[in-house]
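Have a look at the structure below, then the notes.
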Amino acid sequence: MPLYLNDEQAMLRDTAKDFIAEHAPVKHMRALRDANDQTGFSRDLWKSFAEMGFTGILIGEDNGGLGLGHVEAGVVLEEIGRNLSPSPFLATAVAAVEALKGTAQAGKYFPGILSGDTVAALAIDEQAKFRDSVALKAERSGNGFKLTGKKQFVAHGHVADLIIVAARTAGSADDEDGVTLFAVDKGAAGLTAEAERMADSSLTTRLDFDGVEVTADAVIGEVDAGRDPLDRLLRAGRTGAASELLGVGGGTMDMTVEYLKQRKQFGVLIGSFQALQHRAAHLYSEMEVARAATLRAQQMLDSGSDRADEAVSVAKAQAGLATMLAVQEGVQMFGGIGMTDEFDIGFYMKRQRVLAEMFGDANFHADKLARNAGY
Amino acid sequence: MSDLETFRADTRAWLEANCPPEMREPVRSDKDAVWGGRDQSMLSPAQKAWMDKMGARGWTVPDWPKEYGGGGLSPAESKILREEMQRIRARNPLNSFGISMLGPALLKYGTEVQKREHLPKIARGEIRWCQGYSEPGAGSDLAGLQTSAEDKGDYYLVNGQKVWTSYADQADWIFCLVRTDKSVKQAGISFVLFDMASEGVSTKPILLISGYSPFCETFFDNVKVPKQNLVHEENKGWDVAKYLLGHEREMISGMGLGAAGGNPLVEAAKKGADTILRGQIALFEIRAKAFNAMSEKFIDDLKGGKAHPAQPSMMKYYGTELNKSRHELMMAAGGSDALEWESERSNKGSGPRAWLRTKANSIEGGTSEVQLNIISKRILELPS
């Protein structure tokens, strides 16, 4: 399989590009922020994502979805990133769908995701820096379980219809095994959600599970064997975040290069200065490499390669690093106006920071690779 | 099974049966690379066998047409062959400037006679080529070259000097840029081929900071070059030169991938690195693996006709800077062991010598700064 989009994927990209640029450009995000929106995204937009078929990209045809793959999901996410569109797409249609795929819950939740009625949130993080540890406790209680503990950095957690919770049913926090994934419905008794506005204007939630009772049906997959669906969720989330980062970085780079061709100082276009040309060319190189790494990870996930995990870490880390360079160079090259709220580029910088932390930053993934390689 | 699956199974079986175990060992030094040429006395029996077996199938140049000694493989088949070779960590049977540089240029610009004469010998490793490009006064400003080729009817009389000619002292033939018109710059350059055994050709190795002499000064004193050895038209050599440079940059970018078989940097890290160095190596490995994906993508884009013509500049820039970083980290990880210059234990200082050699990566084939200029102008279309 060559490492570029095939014709169908390129068509989907064109469709997503036009649709998202028209319905959810940066000014859509700005308007939500200025209105002090408390949902974090537009439900109408989510509905229209469903009408376009986007929410069913990763859902199999037998479940009424399109049965496509991570490459296609990535195509949509890149446009979300490029337009800074607030959307539950990554958490719901990518990460949650992958976790639920092939489990008994698929039949329950996929119809709502396909129709754009269901929004999912991922209750994975327990600390400020992502770690592969799960301390939130799930204890047997009657026929079901009782969940006790805290989660944070949960996008859409305060409005989500479905919360996927990583909980500990055996062992201790850092153990690989003994994790169980639960599907918790909105409004569960004992669950409090405190929404926090993030630097990028998105809303994430601190969740407090105070003996939240769930039935045995809420288990995703098998008890104590939640590592499988959790890994699926993380792999999908990480590659998806890498794609969204490519959009953020690519959008920043395009705006910046365009500005270098318009802005004059000392009577000449600033893009004629070699000091800026070389930095722009270096940025281009980093972004291209990140793009290749991301596409490879997606293709490996889609083909079920046993080397996908490593490729996913490489993609998430490299996309995070390249995009960090993009937003830093962008703000610097725009000069004073890059610092103004009126101008969009600052939004890109803020979004990059949030996505870089999501599901583990570059250092986390570099460390993970090093451990796996034996050093 | 699909045709490609059959091809993969057949290829896997053939490689297993024919790739000697020695040729699956990591490349330790320059000496492990096989360059081919008239003098093959330096080759080990395994190197010779591997080169000959692969050459006989045309798999030293898998995607060249069969009639010129290639394997005639499709892009998808070539990719499978690369993957299967990587799977068993097979070394390249033959690395040569003929394969990576001259061949592609001849395929595009050569006459039928030139192709049939030169390409099969390149594919089988019979003739080793060197590149006559840089001159003392023409480095980054390559088109300022002065080596002259005077029209003498049925031959050119070539006079001048080249420098940084890699392995000129071991090469059999040279592809060379010469000036056929002094009144114009790029449009006065021609591309010619000649035998290094021709009268009037002499070479002088240059001792480098590594203690080795991979580069030479090359002198031409009234060298007669038959006119049929002109590639493309007279005064249009710059087109050939640029096209070939793209391929040279692709080849050099391969440095970014590191040596085939094993990862000495990871091995060094395992022996013990402090936490900060460990982190630096881990972050380096992210970039190296991402670049590995980029290299695959670049080949796919080229074969699919989707690569920007200036993309080799990006590959060359990134790959060489990466390789320099790799060797800096290897030196840091090796500590004082990595400083030994002559001991047997250090394989005669292969580590530090390789480290110093990489410093040329971002100079040869166009400096990093030249590549960044090309990306700025041709890809980003920034103003002059």
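The values are calculated or read from the model by the stated rules, or taken from the named source; none is laboratory data. Fair warning: this is a prediction, and the values are worked out from it, not measured in the lab. Note: ideal-geometry Cβ built from the backbone for every residue, glycine included; neighbour counts use all protein chains shown.
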Would you pick out the residues in the stretch B:362-384 that are over 18 Å from B:GLU248 (Cβ atoms) and either of a type in the set (A, V, I, L, M) or facing another protein chain (nearest Cβ under 7 Å) (or both)? B:SER376, B:ILE379, B:LEU380, B:LEU382, B:PRO383, B:SER384
Single residue of A:LEU32, A:LEU114, A:LEU122, A:LEU84 found to be touching a strand residue (DSSP E or B) at 6+ places or on another chain (Cβ under 8 Å) and not acidic (Asp, Glu): A:LEU122
Under 27 Å from A:ALA315 (Cβ atoms) and surrounded by 17 or more Cβ atoms within 10 Å (Cβ to Cβ): is that true of A:GLU72 in this structure? yes
Grab the helices (runs of 4 or more DSSP H) fully contained in the stretch B:54-142, keeping just those with 3 or more residues being modelled with pLDDT of 95 or more. B:103-109, B:112-123
Under the condition of being under 12 Å from B:ILE375 (Cα atoms) and more than 9 Å from chain A (Cβ to nearest Cβ), which residue from the stretch B:293-321 is nearest to the chain's Cα centre (by Cα)? B:LYS316
Look at B:LYS324 and say whether it is within 14 Å of chain A (Cβ to nearest Cβ), at pLDDT 95 or above and part of a helix (DSSP H, G or I). no
Residue pairs meeting the criteria (Cβ under 9 Å; at least 6 apart or on separate chains; first more than 13 Å from every other protein chain (Cβ to nearest Cβ), in the stretch A:294-307; second outside any helix (DSSP H, G or I) and modelled with pLDDT under 95): A:ASP302/A:MET1
Is it true that some residue in the stretch B:258-272 is among the β-branched types (Val, Ile, Thr), over 18 Å from A:ALA293 (Cα atoms), in a helix (DSSP H, G or I) and within 9 Å of chain A (Cβ to nearest Cβ)? yes
Tally the residues that are at the interface with chain B (Cβ under 10 Å from one of its Cβ atoms) and small (Gly, Ala, Ser), restricting the search to the stretch A:249-288. 5
For the stretch B:332-361, how many residues are within 13 Å of chain A (Cβ to nearest Cβ) and not in a helix (DSSP H, G or I)? 0
Filter the stretch B:151-199 for residues that are of a type in the set (Phe, Trp, Tyr) and closer than 14 Å to B:LYS224 by Cβ; which is surrounded by the fewest Cβ atoms within 10 Å (Cβ to Cβ)? B:TYR155
Tell me whether the stretch A:138-155 contains one or more residues that are buried (at least 22 other Cβ atoms within 10 Å of the Cβ), β-branched (Val, Ile, Thr) and in contact (Cβ under 8 Å) with a residue 60 or more places away in the chain. no
Only unsatisfied item for A:ALA160, checking (1) under 22 Å from A:LYS368 (Cβ atoms); (2) crowded, with 18+ Cβ neighbours inside 10 Å; (3) touching a helix residue (DSSP H, G or I) at 6+ places or on another chain (Cβ under 9 Å); (4) in contact (Cβ under 8 Å) with a residue 60 or more places away in the chain, is (1)
All conditions in (1) touching an Asp or Glu at 6+ places or on another chain (Cβ under 6 Å); (2) farther than 24 Å from A:LEU58 by Cα; (3) surrounded by fewer than 17 Cβ atoms within 10 Å (Cβ to Cβ) are true of A:GLU196 except (1)
